[in-house]
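The values are calculated or read from the model by the stated rules, or taken from the named source; none is laboratory data. Worth saying up front: this structure is predicted, and the values here are computed from it rather than measured. Reconstructed Cβ throughout: ideal geometry from the backbone, glycine too, with neighbour counts over all protein chains shown. Side chains are part of the model used for accessible areas, which takes the heavy atoms of the whole protein and leaves out ligands, DNA and RNA. Shrake-Rupley method; radii C 1.70, N 1.55, O 1.52, S 1.80 Å.
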Amino acid sequence: MIAYVLGRLLAAIPVLSAVAVFVFLLLSLVPGDPAVVIAGDLATPEQVEAIRRSLALDRPLAERFVTWLGRMLTGDFGSSLFSGIAVSELIVQRIEPTLVLALLTIVIAVAVAVPLGLVSAYRPTGVVARLTMAAAVLGFSLPVFVAAFGLVYVFALGLGWFPVQSYVPLSDGLAGTLHSLTLPAVALSFLYIALIARVTRAAVLEVLREDYVRTAHAKGLAARRILTRHVLRNAAVPVITIIGIGFAALLGGVVVTETVFSIPGLGRLTADSILRRDYPVVQALILLFSTVYVVVNLAVDIAYVLVDPRIRY
């Protein structure tokens, strides 16, 4: 087990190294002088030169990379060109809404999708199975912003049950936070409900064909016990994988939702930083999201070993 984890950690080093090189070269990929592009057309030569010095663009490329990498490894991402605040401080300020939104979305998706996938696999020709597959197609086809505006129109503007645009921090109470994030979490969950339900159904259908399941039925075990004790555990590997990947994708893919609902999270910070050409913030966020993907994939691989009884290391 330890050797397997160490092997996965070593395999992640080339991935993170490639991401680090790409993030560093992000400034160099900008056409023309990056300092001029960032400063804008109305900037004075002094302002352009100040930006060039702050980004170390006046130094050789190799020296810049070594300096930048050393700062990244110590958690020093520089300062925002727009606000002057340390990038790490900006990320800390914005990470709570995104993290809570992602967790709430995954909880809703799993709570709805896994039972639907399980039932639709056990009764593949029943009404629940047909409705689940139809809803899955709708979930894949419905853009997040369409679902978001629809939910706002019905439940916020129409019924007044939820706020249109707001975020209540955890320091003001968990109930208020969940209430303010319910609509965006539901809007985000449609896609993941469809995805997890289809994966669960396919995995359960495959396990239901195994000999030990027929043997359990022949012994007279209750269908509920067979599904929960035998089928679901052996079908959990692909389900856990898609849940983990979905959570990692949510952390970096909530730009549209956070913009629609005015949630001050990492997604909104990413959109604002790109529009403002705040490259230190963009670089740090790309590096953060990539690291989260690697860490989540590692956690999924470890869960794969722990859950699947057929694997022993």
Discussion item. What are the pairs with Cβ atoms under 9 angstrom where one residue, in the stretch 184-199, is surrounded by fewer than 24 Cβ atoms within 10 Å (Cβ to Cβ) and the other, located anywhere, is part of a helix (DSSP H, G or I) and acidic (Asp, Glu)? Sequence gap at least six, or different chains.
Written reply: none
Fill in: the stretch 151-170 - residue that is assigned to a helix (DSSP H, G or I) and not aromatic (Phe, Trp, Tyr) and, of those, most open to solvent (accessible area, probe 1.4 Å)
LEU157
Item to complete: Scan the stretch 93-128 for residues that are open to solvent by less than 10 Å² (accessible area, probe 1.4 Å), of a type in the set (Ser, Thr, Tyr) and within 23 Å of LEU205 (Cα to Cα) and jot them down.
Response: SER120
Response to the item:
Condition set open to solvent by less than 50 Å² (accessible area, probe 1.4 Å), out of contact with any Pro (no Cβ under 7 Å at 6 or more places or on another chain) and not in a helix (DSSP H, G or I), scope the stretch 254-284, selection nearest to SER88 (Cα to Cα): answer is ASP278
Worksheet item: Take the residues of the stretch 184-219 that are at pLDDT 70 or above and assigned to a loop (DSSP other than H, G, I, E, B): which is nearest to ALA156 (Cα to Cα)?
Response: ARG209
Item to complete: Evaluate the stretch 113-130: report whether one residue or more is at pLDDT 80 or above and within 21 Å of the chain's Cα centre (by Cα).
Response: yes
Worksheet, complete the sentence: For the stretch 238-252 the number of residues that are open to solvent by 50 Å² or more (accessible area, probe 1.4 Å) and under 11 Å from the mean Cα position of the chain (by Cα) is 1
Worksheet entry | Selection status of ARG59, touching a helix residue (DSSP H, G or I) at 6+ places or on another chain (Cβ under 9 Å) and basic (Lys, Arg) | yes
Response to the item:
VAL100 fails exactly one of (1) within 19 Å of ILE286 (Cα to Cα); (2) at pLDDT 80 or above, namely (1)
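Suppose we filter ASP308, ASP272 for residues that are in contact with a helix residue (DSSP H, G or I) (Cβ under 8 Å, 6 or more places away or on another chain) and either modelled with pLDDT under 85 or β-branched (Val, Ile, Thr) (or both); which single one remains? Let's see the steps before the verdict.
Numbers: ASP272 fails: in contact with a helix residue (DSSP H, G or I) (Cβ under 8 Å, 6 or more places away or on another chain).
Answer to the check: ASP308.
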Worksheet entry | Test: SER79 is out of contact with any Leu (no Cβ under 8 Å at 6 or more places or on another chain), in contact (Cβ under 8 Å) with a residue 12 or more places away in the chain, open to solvent by less than 20 Å² (accessible area, probe 1.4 Å) and polar (S, T, N, Q) | no
Response to the item:
Counting only residues that are within 27 Å of SER180 (Cβ to Cβ), touching a residue at least 40 places away in the same chain (Cβ under 8 Å) and assigned to a helix (DSSP H, G or I), the stretch 136-150 contains a total of 7
